[in-house]
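The values are calculated or read from the model by the stated rules, or taken from the named source; none is laboratory data. If you're wondering where the values come from, they're calculated on a predicted model, not measured in any experiment. In this analysis, Cβ positions are derived from the backbone assuming ideal geometry, glycine residues included, and neighbour counts consider all displayed protein chains.
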Amino acid sequence: MKNKTFFITGGGTGGHIYPAIAVADELLKNENTNKIYYIGNPNNLEYSIVQGKNYEFLPVISSGMPRKIGLALVKWSMQMFHAFIKCCSYIKKYKPDVIFGTGGYVSAPVLMAGIVMKVPFVMHDCDATPGLVTRKLAPYAKSVSIAFEDAKTKLNNPHCILNGNPIRHEFSTLTKDQARKNLGLENKLTLCIMGGSQGAKTINDASIELLQELTENYNLQIIFQTGKKNFEDVTKKLKDIYPNYENDKNLIVRPYFEDMVTVLKASDIAISRAGSLSISELCASGIAPIFVPYPYAAADHQRKNAKNIVAQNAGLYIEDSEVTAKTLLELIKSLVENPEKLNQIQQASLNLAKFDGIQNIVKQILEV
């Protein structure tokens, strides 16, 4: 078992990248690990995230597959073929013992090279409905790690293991009281509003109209992540609707939080999109989520993720097209004014959390 070399791949979105990074970091701690290489697109988010890590980044150019037959599809096919050849050369040069892939188009040429070069691989898929790369390549994988039980029925591999998503260790150690102290908040009911790192205009526009009423009439603390590109627009509108918002001690408005562990652990309720990693972190924080799935997500995976959680009584649901200040307020009030319902949803959410997901995925890889 000594001196094992691992290829890690996955990119494009945080749902593919952060689980891959978490597993790479955990493998790095293992005494049997010799070297880790992360294969990704140098033009994507994964490149900047891997910088500063103790493993080497191997670049591969890839992109999403065009949906229509034409010149763009021909160019894409040539790009993916070149990426496949590049990955074969990486395997020949660095001789990995195992490949671990989390999906996204960048992982496809790596895993296909693994098939041809006879390097075993393990996959992880974070959604209730697995992505195209996972569905097509799962039959060739030694095993597949999944975040949702429903995914098993959609994958042609007898070795599907329900691990949940890899989440940061701090979710199991940071207390709600300490998280609130870290943010300068009191120990009282707290609402988090977020649309991911880029924000969500639908959620933002409806929330702006509610902030003053929620903090003054319901005595709610609110942590509002607007998204970097929306921050200026949100604060401009807020100044018109609620001129004194900057002096409201119950309100924190920021474009983005680097430390989302503290934000989520400080919260009781969250208005959120329904990316799989976000769901895992909401559950690990014991939050009652109000899901507003992004309606244009690939394969409609956010809707499916959210409905899977709601079916287990661990959240509430509203379509993006139905979001208004009035509809959001009704959902928030249904929790704030009914502590028993709030507690039941929080407990159901917490029961879905997989705190040992990362350790189980690493064990799955090492067993190969």
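Here is the figure for the stretch 257-290: residues that are of a type outside the set (Val, Ile, Thr), within 25 Å of Gly64 (Cβ to Cβ) and touching a strand residue (DSSP E or B) at 6+ places or on another chain (Cβ under 9 Å) total 5.
Evaluating Gly164 against the criteria (1) farther than 21 Å from Asn351 by Cβ; (2) not in a strand (DSSP E or B) leaves one unmet condition, (1). Taking the stretch 211-239 as the range and being surrounded by fewer than 20 Cβ atoms within 10 Å (Cβ to Cβ) and among the hydroxyl-bearing types (Ser, Thr, Tyr) as the test, the residues that pass are Thr215, Tyr218, Thr235. For Ser89, the criteria (1) modelled with pLDDT under 95; (2) more than 22 Å from His301 (Cα to Cα); (3) not in a loop (DSSP other than H, G, I, E, B) hold in every case but one, which is (1). Within the stretch 116-156, being out of contact with any Lys or Arg (no Cβ under 9 Å at 6 or more places or on another chain) and assigned to a loop (DSSP other than H, G, I, E, B) holds for Lys118, Cys126, Gly131, Ala141, Lys142.
Condition check ((1) of a type in the set (S, T, N, Q); (2) more than 24 Å from Asp127 (Cα to Cα)) across all residues:
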position	(1), (2)
Ile8	no, no
Ala24	no, no
Leu27	no, no
Asn32	yes, yes
Gly52	no, yes
Tyr90	no, yes
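If a residue must be at pLDDT below 90 and not small (Gly, Ala, Ser), how many such residues does the stretch 131-181 contain? Here the count works out to 10.
Looking across Ser276, Ser267, Ser280, one residue alone is touching a residue at least 12 places away in the same chain (Cβ under 8 Å), within 18 Å of Ala179 (Cβ to Cβ) and either in contact with a Gly (Cβ under 9 Å, 6 or more places away or on another chain) or surrounded by fewer than 24 Cβ atoms within 10 Å (Cβ to Cβ) (or both). It is Ser280.
In the stretch 174-181 there is at least one residue that is assigned by TED's automatic domain parsing to the domain that holds Leu335, within 23 Å of Gly14 (Cβ to Cβ) and assigned to a helix (DSSP H, G or I).
Taking the stated definitions as given, is Leu238 in contact with a Phe, Trp or Tyr (Cβ under 6 Å, 6 or more places away or on another chain) and in a helix (DSSP H, G or I)? So Leu238 fits the description; yes. I'd like the full set of residues that are buried (at least 17 other Cβ atoms within 10 Å of the Cβ) and assigned to a helix (DSSP H, G or I), limited to the stretch 19-47. Answer for the stretch 19-47, where residues must be buried (at least 17 other Cβ atoms within 10 Å of the Cβ) and assigned to a helix (DSSP H, G or I): Pro19, Ala20, Ile21, Ala22, Val23, Ala24, Asp25, Glu26, Leu27, Leu45, Glu46. Residues in the stretch 62-77 that are without any contact (Cβ under 8 Å) to a residue 24 or more places away in the chain and either touching a Leu at 6+ places or on another chain (Cβ under 6 Å) or closer than 19 Å to Ser107 by Cβ (or both): 3 in all.
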